[in-house]
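What follows draws every value from the coordinates through simple rules; no lab data is involved. None of these values were measured; they are calculated from a predicted model. Please note: Cβ atoms are built from the backbone with ideal geometry, for glycine as well, and neighbour counts cover all protein chains shown.
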Amino acid sequence: MQQVANYMYYAGGGGLILIGLYMVMAKTNLVKIILGLSFLDTGTHVLLVAIGYVRGRTAPIFSEGMAETTPVVDPVPQAMVLTAIVIGVGVLGLALALAIQVYRHYGTLDVRNIRGLKW
Amino acid sequence: MVSPSLLVAIPLASAFAAPLVGLGSKKLAKCIPPLALAANLVIGLLLLPRVLEKAIVVSIGGFPPPFCINLMVGPLGLSLAILISLVGLLISIYATGYIKTEPTEKYHALFLLLATGALGIVLTGDIFNLFVFFEILCVASYGLTAYEKDRAGTEAAMKYLIQGTVGSTFILVAIGFLYGLFGTLNMADIATKVPSAEPLHLFLILAFFVVGFGVEAAIFPLNAWLPDAHSSAPSSVSAILSAIAIKTGVYAIARITYTLMNAQGFLIFISLIGIITLVVGEIAAYRQKDDIKRMLAYSSIGQIGLIVFAIGIGTSLGVFGALFQLVNHALAKCLLFLAAGYMIYRAGSKKLSDMQGLARRMPLTAVAFTVAAFSLVGLPPFAGFMSKLSIVSAALKTGRSAYVAFAAIALAATVVEGGYFFRVVQGLYFRGGSKGESVGPTKAKEAPAAALIPILVLAALVIAIGVYPQLVTNVLDHAAKELLDRGAYITNVLEAL
Amino acid sequence: MAMETSFALILPVAFLAGKVSPALRNVVAVLAAAVSVLLVAVLYGQNLKLDYYALPFLGVELAMRTDALAWFFAIAVAAIGLLSIVFSLRYMQGRERLDFYYFAMLVVNAAMLGIVFSADLLSLFVFWEVMSWSTYLLISYRGGKAVAAGLKYMVMSIAGSCAMLLAIASLYATCGTLDLHGVAQGIAKASPGYSLFILLMFVLGFGIKNAIVPLHVWLPDAHSEAVSPFSAVLSSVLVRMGVYGLMLVMYGVLGEAGLARLKLGPVTFRHVLCWVAGVTILVPLLIAMLQDDAKRVVAWSSVGHGGYMLLGIAFGTALGVAGGLFHTLNYAVCVALLFLAVGAVEHRTGTRDLNELGGLMKRMPVTFVTALIAVCGLIGVPLTNGFVSKWFIYKTLITEGYPFLALVALIGTWATVLYGYKLIHNAFLGQLPSGYREVREVPFSMQLPMILLSLAVILFGVLPGIAVRAIGSAQASLGLKALESGLWALPPAVGELNTINILSGVIASLALVYVAFALATKARRVDQSDSYGAGSYVPMDRYQYSVNFYQRAHELIGPYVRDRVDEFYRWLVGKAEGFFEQARKMYSGNVNTYAAYIVIFLALLIILKLGGQI
């Protein structure tokens, strides 16, 4: 039980990444592929936060009445994740806008038919 | 004394200034990228003599390393930064006349962001900072590829985005593992702590990094996005992507392998991937008859393969050869794409068969194209010969039979490369009917002045470096030594403040 | 002194400014070539060395040197360069892009001079490559079929250069220097296997340029499709850069001792080279006989006679090497003259097809006489230079006891007689087709080079000692046994033959015959069509009997004597292109596949590492 609890978050993050990879590799609808990219991002974020987690400590935000020596989890991965979330949002926004443009040109979102450039 | 952080700050500020200025005057907005990059070039050249003696370390926010995000401006970083600024400057001059789709400030902003990203990658000393600048570079390039909003560009940008994001995910996972192992993000600090970790863990991290950065660096089989993106983007964008963006991926791989991980056993595998990339790239380029930009894109893949092969050689001469080839390819490929841009525009088509005899109407552009093509194939007295010679000599000097075989394969691929480049050069000059007939492009005239200046400057540089390699070899030698010398890197950063 | 040689190399760049006016450009071109000849002539007999460039990142110094071997080739290069530029003044008039043409001719000239004068392998390679790409541009200059010929030449040239680069880099890695002396010392310490590898790479590189079978396939197309003045330069001196390179590597770098080490049982590398040379003599010269295009005849003869040169050089005796080198010079003169003559004919008649020409002897007498002298030189008629060099080769083959090689050499001469006669007959003898009745002789600036070259043919035939002395010092400079010779007659090693007496005899008898004919009754001139047809009309052009001249030979040996190597290369390229086409299908256009490539690559990396651990 303890073992599972130790590795639960890593497994979750890893699982999300694997789901994301599956969707990017196997799904043919462009929106589903973009969803897969979102899964990839989320999985990575969960993984990063999990790496920073230390058992028994609290969030690294100094609220009212908290002493400065309260044990907190590692704040650096959380900063990384914040940055990564912002990057992810930007990329996903661009991806959806591109998907709309692709639909305007090709009339379909099926990746097997969007093959104007090949070889 | 100028601070090296200006090298990153100026393009970043100008990227946001361009749309603001564009609200008032369009003409002024067009001049901002050249001015910003020219300022960068001047600052870089001013800093160069000092950096060759001792690297400059700038810590952001005044915190001491290893707790801060720092810029590590050594010979390698600064020489690449000067290259980026120079190439960016010339391309932005070209783009003032070439980019016509409105709103052009969007283009200029994205272009400056791309330059910021590239400059940040080569100058930073923190691994997560590297990732952030890398993402800035990638997102800007996705946007620039799709700039014309045409069918091919959108599709290419879409595919580039998907593959690029998969790659970035792997990089982030690797950074996560790295942080989990060592508890620090500063590259010098990680380098100090690496010997104490388990080799298997280090290999996993290295594998994720190589695959992640390899997508941008366009090594086989991760480079399927490159032919599409570089051929469908507008020509000035293809030029900056081929000349600069993929090189930053190679730089990142080199920095991680040598400085961070010191993975000597992995180097031969890097050389192997490089050779496979070279062979596949040249083979695919040979069969491109319908699209000159696709041919040039595959040629880029091939040359990156050569650079990656040279990086894997591991000796000072080998890394020097890799950097020299990097510089030469940046100049030559940029020139090729810029020239091809106007050749396509004047001929009205991308097909090689429609460009025959074009040299009559566009003599200067055709000469520049020929000079760049000969340089890439490696013919003296152009620049590419010296770098190819260095790489082959370095490979043979190691004495290991694997490297000798790789060098022989690289030279065999050169023959294929010669085949397709000479076909194009011949088509430009010697086909297409005699003087009296007007075949092919009837409305072709020479490219405008805004385009000719960068083209001719680049051609002159290629010839100058070919005849006097001493112009760049001293700096590149220092840069190669810096890459190989981990100890100096660590002491430079950790004892800086 | 050596400074002035380097000065000659800068001239082509200065010339580009000659875009100002055509007359100025022509004058500058001729002056540049003439100054090169003078500078080279001044360097006769000197042994100098000049370091002109340093590459600190590789640790090599580039240097130039003159010695007897270099001077021998340089004077030939400079002289023939000058003569072909003089020829092109009128020949090329009216074509487009002449500025580029003269520029490229001077660059080729300068690059060849650079090759022969270089003292280290890197300089040699740099100038070799410059020569290659300027040749390629100049071959394709004509457009049309020349473009494909140029591409074939360039791709083969690059392949040869890559082999040479591999060898040069390997030598640099082993010996630490690229200077010729340093390399020679370094190779002497290496194993025979390594020497063989290096020699093979260089033979590949130089052999492609010299067009040894099976590396010769570019030559017939390139030489026949290039413009005639440049074909003359190509055939006479450019391909012989391969001979120079082989002399340098075989004797300058490896030396006789090094060559002797390369053997497998009783068969030495020398033997192999001699037999390759034998095949090169035999088949191409027979193919030359069957060609209809005048320039292709001369081009195939170029391939074949390259075999004679290689045979002489590879054979190794003093007489053999001297014969090979002398044949290089002689053949250079003869073939340059032939290409210029064929060019003159083409300039006036507009065709090179031997089936259509004929009877131009009356209309173009100077061209005829010079072409006749050139063919005599090719065949080896006594009193011409070809006789002397071929006699050296025959004599050494026979006295050393190689009957089969001697037989091959003699068959080669027999084939030369046949195609030489075909050339002369079809172009100059026989009927004059009605279309060419108004053809005039070529202008003097085009005649002058031809006359000078034919005088050289006879001069070296009557007074061979002039050249053989220079060759002797060249041999000595490489450490070979030199051929001793006086200035006037054939060397004593060959036998006693007083050519001056023979020449005087021939001239005396010719004078007698001329006097006899002048005093006799005048002959009545009859037109060719003035003949008896029994009342019916004799159509003039229906019986042009130069058509299909060697029909019987075609039937007999045509099916066997084909360029099979060319067909093999074409098949190879076709297969390669098919493979390339399949390879690029990997980029299928489906983004799922692309993402899969990324993930599979990563998985492969991890699995391989884990597998290696277990």
(request) Report, to the nearest 10°, how far helix B:199-217 tilts away from the longest principal axis of the Cα atoms in chain B, using its own Cα long axis and a range of 0 to 90°. (result) 20
(request) Please work out the FRET efficiency for the pair residue B:193 and residue B:315, using the Cβ-Cβ distance as r and a Förster radius of 45 Å; give the result to the nearest 0.05. (result) 0.95
(request) Specify the residue with the greatest mean-square fluctuation among A:22, A:106, A:53, computed from a Gaussian network of chain A linking alpha-carbon atoms under 10 Å apart. (result) A:106
(request) In nm, give the distance between the simple-model label positions of residue C:353 and residue A:29, each being 7 Å from the Cα along the Cα-to-Cβ direction. (result) 6.9
(request) Considering the options B:208, B:234, A:84, tell which one lies farthest towards the positive end of the dipole of the protein assembly as shown, charges being +1 on Lys and Arg and -1 on Asp and Glu at the Cβ, about the Cα centre. (result) B:234
(request) Take the alpha carbon atoms of segment B:328-432, find their radius of gyration, then divide it by 2.2 N^0.38 Å using N residues; give the quotient. (result) 1.24
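Could you tell me the relative contact order of chain B? Use alpha-carbon pairs under 8 Å, at least six residues apart, and round to a whole percent. Numbers along the way, then the final one.
Values: 859 pairs, mean separation 80.9, N = 497.
Taking the mean separation of contacting Cα pairs over the length of chain B, I get 16 percent.
Taking segment B:94-199, how much of its Cα-Cα pair set, in percent, is spaced more than 25 angstrom apart?
Above the 25 Å cut-off, segment B:94-199 has 36 percent of its Cα pairs.
Under the rule a/c < 1.5 gives rounded, and otherwise a/b versus b/c splits prolate from oblate, where does segment C:566-610 land using the Cα gyration tensor? Don't skip to the end; give the middle numbers.
On the way: a/c = 9.29, a/b = 2.17, b/c = 4.28.
Oblate shape, in that a/c is at least 1.5 and b/c is the bigger or equal ratio.
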(message) Over 42 Å apart: what share of the alpha carbon pairs of chain C falls there, rounded to a whole percent?
(response) 27
(request) Along Cα→Cβ, 7 Å out, is where each label goes; now give me the distance between the ones at residue C:434 and residue A:7 in nm to one decimal. (result) 10.2
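Can you give the Kirkwood hydrodynamic radius for chain A, in Å, rounded to one decimal and based on Cα pairs?
16.8
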(request) Would you kindly derive the ³J(HN,Hα) couplings of segment C:100-117 from the backbone phi angles with the Karplus curve 6.51 cos²θ - 1.76 cosθ + 1.60 (θ = phi - 60°), listing them in order in whole Hz, with x for Gly and Pro? (result) 5, 4, 5, 4, 5, 4, 5, 5, 4, 4, 5, 5, 5, 4, x, 4, 6, 8
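Where does the protein assembly as shown land at 222 nm, in deg cm²/dmol rounded to the nearest 500, when only DSSP H runs of n ≥ 4 count, each adding -39500 (n - 2.57), divided by all residues? The partial results should precede the final answer.
Details: 47 runs with 870 residues, N = 1230.
So the calculated ellipticity at 222 nm is -24000 deg cm²/dmol.
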(message) Per-residue Cβ counts within 10 Å, from other chains only, averaged over A:85-96: what number is that?
(response) 4
(message) Show me, for segment C:431-443, the HN-Hα J-couplings you get by feeding each phi into the Karplus relation (A = 6.51, B = -1.76, C = 1.60, θ = phi - 60°), rounded to Hz, glycine and proline as x.
(response) 6, 9, x, 4, x, 9, 5, 9, 5, 9, 6, 6, x
(request) Add +1 for every Lys or Arg and -1 for every Asp or Glu among the other residues with Cβ under 11 Å from the Cβ of residue C:442, and state the total. (result) +2
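State the dimensionless ratio Rg/Rh of the protein assembly as shown (Rg: radius of gyration of Cα atoms; Rh: Kirkwood radius).
Details: Rg = 34.9 Å, Rh = 33.3 Å.
On the Cα set of the protein assembly as shown, Rg over Rh gives 1.05.
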(request) Of all alpha-carbon pairs in segment C:1-264, indicate the percentage at a distance above 35 angstrom. (result) 16
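Restricting to DSSP loop positions (anything but H, G, I, E, B) with no more than 10 other Cβ atoms inside 10 Å of their own Cβ, which trypsin sites (Lys or Arg not before Pro) remain in segment A:11-119?
Filter output for segment A:11-119: A:55.
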(request) Output ³J(HN,Hα) for segment C:222-232: one whole-Hz value per residue in order, computed from phi by the Karplus curve 6.51 cos²θ - 1.76 cosθ + 1.60 with θ = phi - 60°, and x for Gly and Pro. (result) 5, 5, 7, 8, 6, 6, 4, x, 6, 4, 4
(request) Report Rg/Rh for segment B:39-139, rounded to two decimals, where Rg is the Cα radius of gyration and Rh the Kirkwood radius. (result) 1.04
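Using the C-alpha gyration tensor of segment A:1-60, what are the square roots of 5 times its eigenvalues, in whole angstrom, with the largest one first? Intermediate values should be presented prior to the final figure.
Numbers: eigenvalues 158, 31, 6 Å².
One finds semi-axes of 28, 12, 6 Å for segment A:1-60.
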(request) First measure r as the distance between the Cβ atoms of residue C:555 and residue C:93, then evaluate 1/(1 + (r/R0)^6) with R0 = 51 Å and state the FRET efficiency to the nearest 0.05. (result) 0.75
(request) Measure off 7 Å from each Cα along the Cα-to-Cβ vector at residue C:399 and residue B:46, then give the distance between these two points in nanometres to one decimal. (result) 8.0
(message) Set the bar at 29 Å for Cα to Cα. Now go through B:106/B:481; B:100/B:350; B:149/B:388 and name every pair that lies beyond it.
(response) B:106/B:481; B:149/B:388
(message) 5 Å is the cut-off here: which amide hydrogens, built 1.01 Å from N in the peptide plane, fall below it relative to residue C:430, excluding neighbours closer than 5 in sequence?
(response) C:359
(request) Could you tally the net charge around residue A:20, taking each other residue with its Cβ under 13 Å from the Cβ of residue A:20, Lys/Arg +1 and Asp/Glu -1? (result) +1
(request) Search the structure for amide H atoms under 5 Å from the amide H of residue B:126, placed 1.01 Å from N in the peptide plane, and list their residues when 5 or more places away or on another chain. (result) B:70, B:187
(message) Viscosity 1.306 mPa s, temperature 10 °C: what is the translational diffusion coefficient of chain B from Stokes-Einstein with a Kirkwood Rh over Cα pairs, rounded to a whole number of µm²/s?
(response) 70
(message) Can you report the principal axis dimensions of segment C:322-404 using only the alpha carbons, biggest first, rounded to whole angstrom?
(response) 48, 21, 18
(message) For residue C:63, what residues show an amide H to amide H distance below 5 Å, using hydrogens built from the backbone and excluding near sequence neighbours?
(response) C:52, C:119, C:120, C:123
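State the extension gain, in nm to one decimal, for the chain segment bounded by residue C:35 and residue C:256, taking 0.36 nm per residue of separation less the distance between their alpha-carbons.
On the way: separation 221, 0.36 × 221 = 79.56 nm, distance 3.69 nm.
This chain segment gains 75.9 nm when fully extended.
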(request) Determine by what factor the alpha-carbon radius of gyration of segment C:88-184 differs from 2.2 N^0.38 Å, reporting the quotient. (result) 1.31
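Where does segment B:22-61 land on the Kirkwood hydrodynamic radius, alpha-carbon pairs, in angstrom?
Numbers: mean 1/r = 0.0798 Å⁻¹.
Its Kirkwood hydrodynamic radius stands at 12.5 Å.
To the nearest 0.05, what FRET efficiency results for residue A:100 and residue B:453 with a Förster distance of 41 Å applied to their C-beta separation? The partial results should precede the final answer.
Numbers: r = 38 Å, r/R0 = 0.93.
It comes to 0.60.
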